[in-house]
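Written below as structure tokens is the structure these notes are about.
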Amino acid sequence: MAIATETVRLYLIDGQAPEAESLPVALESARDAFANIDTAADDPAFLNFTSGTTGNPKGALQAHRSMLGHLPGAEFGLDFFPQPGDIMWSPADWAWLAGLMDVLMPAWYHGVPVLTFRAPRFDPEQAFATIGRHQVRTALLVPTMLRLMRQVPDPVERFGVRLRVVYSGGESVGKELLEWGNQALRIPVNEVFGQTECNLVLGSNSSVMPIKPGSIGRAVPGHVAAIVNDAGEVQPPGTTGNIAFRSPDPVMMLEYWRNPEATRDKYANGWLITGDLGSCDEDGYFWFQGRADDVITSGGYRIGPSEIEDALARHPAVVMAAAVGVPDPVRTESIKAFVVLRDGFSPSRQLVDEIRNFVRDHLAKHEVPRDLQFVAALPMTTTGKIMRRELRDAERAKLAGK
């Protein structure tokens, strides 16, 4: 479904341009009365852009049904949201679909206050202080934020944190963060899954289902999920394939904005193909393996980076990590890990060996990184996702320059 170009107006919040008007100027002449327009469920409502994890961002056009479509995922992941006394907060930008439709709009729909607070950069101590000061009860915190917050000791005692539940997604949460949430925050961290094109469609809720550490949950009521091959054929339990969602779906995009070819390529046999690989077990739990572009092919194995990164992050010296495949003449690709250290730890050959041995104790031999590099920071999207593509490209450029 396309929108005629004459119906589109662009506004800038900090100036104006030949193609766009100044929003502050427009608001000065705006009326304080309005009439609701009669719209249908599938009429276009708003436009969000993908985060650009594996390529240039694309505009995903959403329909009016998207508001009601998001409610089951938010209510499920936030442990039967809303509850008396709930106050919502997230550092996630409202321009990101998760910030808009996992935080702001579901809270407002239910009349729950939303705390707004933005800082130039995410500071974990400041985040805990904000949560405690304003008695935030429900929050969306992506795994990158949780890993940084994990470094802060005694948040409940020091900051008066009284969270009821946190939900998280965008990257794999992993067993280590789930355990930290239970112990340090005394709450469940419920993992949810979705993407800009079809958001908040898998999830977990520790109140009503056993949590399988490492799983991204089951299909939220109202959505149909499966593992399919590239032809859109449903695969049996335990098979690695594309995580996909059945069309039509209340939160599924209408189209990629002005990109019919990309829209067409996103679907196969009535399934929206997410571009994420995973598997589904006999109980309907989904297991995320990684973006299709991020899967490492080494020695005949197809290896998802998430499990490696989770194992690395469980080492006491590691804040966060990224694993990528780099060209290898024998193995096709070898695994290289990039590691950000906690405060108080310094890079050394001894620490490299210690971390690699730690991973070897937790994973199969073929999943242990052959190379490990300490870095000050990892390249991230504005939504907190690791941009492994940039790490891969940099490694390939170095090899090409040899």
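When peptides 30-43, 369-382 are sorted by average Cβ neighbour count within 10 Å, with the highest value leading, the order is 369-382, 30-43.
Treat the range 150-274 as a sphere of radius equal to its Kirkwood radius over Cα pairs and apply Stokes-Einstein at 37 °C in a medium of 0.692 mPa s; give the translational diffusion coefficient in µm²/s, rounded to a whole number. Write out the running numbers ahead of the final one.
Details: Rh = 16.4 Å.
Diffusion coefficient, whole number: 200 µm²/s.
Taking every DSSP beta bridge that has both ends in the chain, the antiparallel portion is near 75%.
Quick check for me: using +1 on Lys/Arg Cβ and -1 on Asp/Glu Cβ, what's the dipole size of the range 40-288 about its Cα centre, in debye to the nearest 20? Spell out each step's value before the answer.
Working: 19 positive and 26 negative charges, 135 e Å.
Rounded to the nearest 20 debye, it is 660 debye.
Summary of the geometry: the range 225-244 and the range 359-402, compared by the centres of their Cα atoms, lie 27 Å apart. Going down the list Lys336/Lys365; Lys266/Lys336; Lys336/Lys385; Lys212/Lys336; Lys266/Lys398, which pairs span over 22 Å between their C-alpha atoms? Correct reply: Lys266/Lys336; Lys212/Lys336; Lys266/Lys398. Listed by Cβ neighbour count within 10 Å, with the fewest neighbours leading, Asp293, Asp353 appear as Asp353, Asp293.
Each peptide among 225-236, 13-24, 248-259 gets the average number of other Cβ atoms lying within 10 Å of its residues, and from highest to lowest they stand as 248-259, 225-236, 13-24. Angle of helix 66-77 to the longest C-alpha principal axis of the chain, folded into 0 to 90 degrees and rounded to 10: 40°.
Extent of the range 52-202 along its three principal axes (Cα atoms, max minus min coordinate, largest first): 44, 36, 30 Å. Each of Asp123 and His366 was given a label point 7 Å from its Cα along the Cα-to-Cβ line. The distance between the two points is 4.7 nm.
Local charge sum around Val136 (other residues, Cβ-Cβ under 14 Å, Lys/Arg +1, Asp/Glu -1)?
Working: positive: Arg133, Arg137, Arg162, Arg164; negative: Asp86.
Taking every Cβ under 14 Å from that of Val136, the sum is +3.
To the nearest 10 degrees, how steep is helix 349-362 against the longest Cα principal axis of the chain, on a 0 to 90 scale? So the inclination is approximately 80 degrees.
Quote the FRET efficiency, to the nearest 0.05, computed for Ala184 versus Gln16 with a Förster distance R0 of 35 Å and r equal to the Cβ-Cβ distance. Before the final figure, lay out the partial values.
On the way: r = 48 Å, r/R0 = 1.37.
Step by step, r from the Cβ atoms, then E = 0.15.
For the chain, the longest principal axis of the Cα atoms and the long axis of helix 124-133 meet at an angle of about 50 degrees. Taking the DSSP bridge list for the range 295-400 and keeping only pairs wholly inside it, about 80 percent are antiparallel.
Over the range 1-121, Cα pairs under 8 Å with separation of 6+ residues give a relative contact order of 15 percent.
A short reminder: the numbers here are calculations on the coordinates, not readings from a lab. Note that the structure is predicted; figures quoted are calculated from it, not measured. Counting neighbours? That spans all protein chains shown, and the Cβs are built from the backbone with ideal geometry, glycine included.
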